Amino acid sequence: MNDCKEQTMKYEITLPVLSDTMSTGKLARWLKQPGDKINKGDVIAEIESDKAIMEVEAFHEGYLAGPLASIDTDIPIGQVIGYITEQEKNAAIEPKKTDSNTSPGDNTSAIPSVIQKETAVQTVDIPAVSVQIPVSDSPETKITPLLAHHIPAASGKRNASPHARALALKLGIDLATVMPGKDGHIQAEEVLAAAHQSPTLNLQLGPPYRLEPLTSMQKAVTQNMIATLTTPTFRTEAKLSLKALKKVGKQHNLSLTLLLARACALTIKANPQFNAVFTPEGLAHRDRVDVGIAVDVPGGLLTPVLRDVVERPLDELAEDWRILKDKIKRQRLEQEDYTGATFYLSNLGVFPVVYGFDALVPLGAAAILAIGAEHEGQCLLTLSCDHRVVSGADSARFLTTLDEVLQHAKVL
């Protein structure tokens, strides 16, 4: 939040930073009207990010004043969406709409704030606020949260490494079109990602069409998938029985998803290289298995994470899973609920027609396990792996261990 002072004692309300994966947010609704009395801590608006709905709280007392930003429009983070005045007479009675189509480049760099106090001479940065997230219950799929900020093509010179510049020249890539990394710099991997992108589609060559803008979540999913393009991936398949696992679940009233996560975590304990991740400096070996479970939600995908799945008791994990699903249903997942997984699980077995499928290896993990529907007592499991971390033989050993765990599900 930024807070600055001026003679008129008028405070700006700015669009807060909602997550690392987005540069804009959608104003879902105003909970107060111009002229309403505002107390410090009052929730005055709701903002929809790529994965969450965040409540915007007032950090000053006063009266809500316009012009207010329009609802259901994408607004760059840091853009002013309304005001709080200390004098009721200064509050606008009729809400006026601001132009929310201003590009992110019209703002100063990402302003980590909810409210600013206006001034003509000085601004003071204040730490960002926390974010909450929304979703809904439904079958489970895949996805992982990642970061990447798009810089408009006309933003001028890019901060790119010499290697990235040389590679861009060699590949004929215009650096102005390359999406930088999360640190704002362009490295070779960003250039390679740009090189893999498809040529621009010319819709004029086809029939008439209706263009539906991407939602914040769809944009985030797109960015995440693009970010995985440089991962050298291979896949290994196996047909395994989940019969024993289902029996244990029925006996103890535990969800199959939870038991699958446990089975994977125990398998990783026996094959610890699957809990490592590639970095330019070397392989990072984590000492705790956190399993991200893909969940299909309206308009996108989320991966709530179960922590320390090997060491904690099943009943404790079951309670965590219940809480996560409840947060999803209430659209109140928080960023720490869906980030930092070391392994991923994606289950489309709830769709009987899905025999099997491939899943992309999310950044931050060495592998993801995709589970198809059961046919003739067996499910097709597809293990997608980062070849920089594990080999084909490693994946075969992983699936062999997993089969043993599944056949002796009582040990879970």
statement: Per the list (1) under 26 Å from Ile53 (Cα atoms); (2) of a type in the set (D, E, K, R); (3) without any contact (Cβ under 8 Å) to a residue 40 or more places away in the chain, residue check on Lys327 breaks on (3)
message: Return the residues of the range 254-277 that are open to solvent by 50 Å² or more (accessible area, probe 1.4 Å) and either out of contact with any helix residue (DSSP H, G or I) (no Cβ under 9 Å at 6 or more places or on another chain) or among the aliphatic types (A, V, I, L, M) (or both); say none if nothing qualifies.
response: Leu256, Ala270, Pro272
Criterion (closer than 21 Å to Arg388 by Cβ and of a type in the set (Ser, Thr, Tyr)) met by exactly one of Thr303, Thr215, Thr257, Thr231: Thr231
- prompt: If you go through the range 259-286 one residue at a time, how many are closer than 22 Å to Thr228 by Cβ and assigned to a helix (DSSP H, G or I)?
  reply: 6
- line: The lone condition Leu64 fails out of (1) assigned to a loop (DSSP other than H, G, I, E, B); (2) open to solvent by less than 30 Å² (accessible area, probe 1.4 Å); (3) at pLDDT 70 or above is (1)
task: Find the residue count for the range 288-312, including only residues that are modelled with pLDDT under 95 and open to solvent by 60 Å² or more (accessible area, probe 1.4 Å).
output: 1
query: In the range 357-395, which residues are open to solvent by 50 Å² or more (accessible area, probe 1.4 Å) and either part of a strand (DSSP E or B) or in contact (Cβ under 8 Å) with a residue 60 or more places away in the chain (or both)?
result: Asp358, Leu360, Leu363, Glu374, His375, Gln378, His387, Arg388
- prompt: Of these, Ala58, Ala69, which one is within 31 Å of the chain's Cα centre (by Cα) and either closer than 30 Å to Leu301 by Cα or modelled with pLDDT under 85 (or both)?
  reply: Ala69
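The values are calculated or read from the model by the stated rules, or taken from the named source; none is laboratory data. Quick caveat, the model's predicted, so the values are computed rather than measured. Cβ atoms come from the backbone with ideal geometry, glycine included; neighbour counts cover every protein chain shown. SASA here: full protein model, heavy atoms, side chains in, ligands and nucleic acids out. Shrake-Rupley method; radii C 1.70, N 1.55, O 1.52, S 1.80 Å.
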